[in-house]
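One structure below.
Read the figures in this text as sums done on the coordinates, not as results from a lab. Only a predicted model underlies this, so the values are computations on that prediction, with no experimental measurement involved. Glycine gets a Cβ as well: all are built from the backbone with ideal geometry, and neighbour counts include every protein chain shown.
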Amino acid sequence: MKRADILLVSIVLIAALAFLVPRWLSDDKGGPGKNLVANITVDGKLFKTVELTEEEQTIDVRTDHGYNILKVHDYGIEMYDADCPDKVCLGFGFITLPKQTIVCLPHRVLVEIASASGGDDVDAYVQ
């Protein structure tokens, strides 16, 4: 390898680390003391707000469209079971960070993680 190749590879690695290191060090992770909740919405209306704790709990969401079973554990939430035909909602997996979502379109169910303190900052003002 030439000297210029080594320099180019070094610059690319430093640039990549500049973007990755702040994400690893951020305080946006779930866990004890983070006071995260999951807002469960059905048909655009708030169904239930659940605190994300380490203890396991199960939430049944039964509507005219079908049922969804959510499981809260280890400071996160996941869609455990659903009777929708495509079962895409089960593929979202276990979510633990603010603003992550699980969506079940056939049953019109939305699960979104938010801060319990409601301290979301304003992103922008538009006039």
Looking for something under 19 Å from the mean Cα position of the chain (by Cα) and surrounded by fewer than 17 Cβ atoms within 10 Å (Cβ to Cβ) - is there at least one such residue anywhere in segment 75-86?
yes
Do you know which residues across segment 48-69 are more than 19 Å from SER115 (Cβ to Cβ) and part of a strand (DSSP E or B)?
GLN57, THR58, ILE59, ASP60, VAL61, ARG62, THR63, GLY66, TYR67, ASN68, ILE69
Given the options PRO98, PRO106, name the one that is under 19 Å from THR49 (Cα atoms) and not aromatic (Phe, Trp, Tyr).
PRO98
Under 9 Å between Cβ atoms, at least 6 apart or on separate chains: pull out the pairs that start in segment 32-54 with a residue that is in contact (Cβ under 8 Å) with a residue 40 or more places away in the chain and surrounded by 13 or more Cβ atoms within 10 Å (Cβ to Cβ) and end on any residue that is assigned to a loop (DSSP other than H, G, I, E, B) and of a type in the set (Lys, Arg).
THR41/ARG108; VAL42/ARG108; LEU52/LYS34
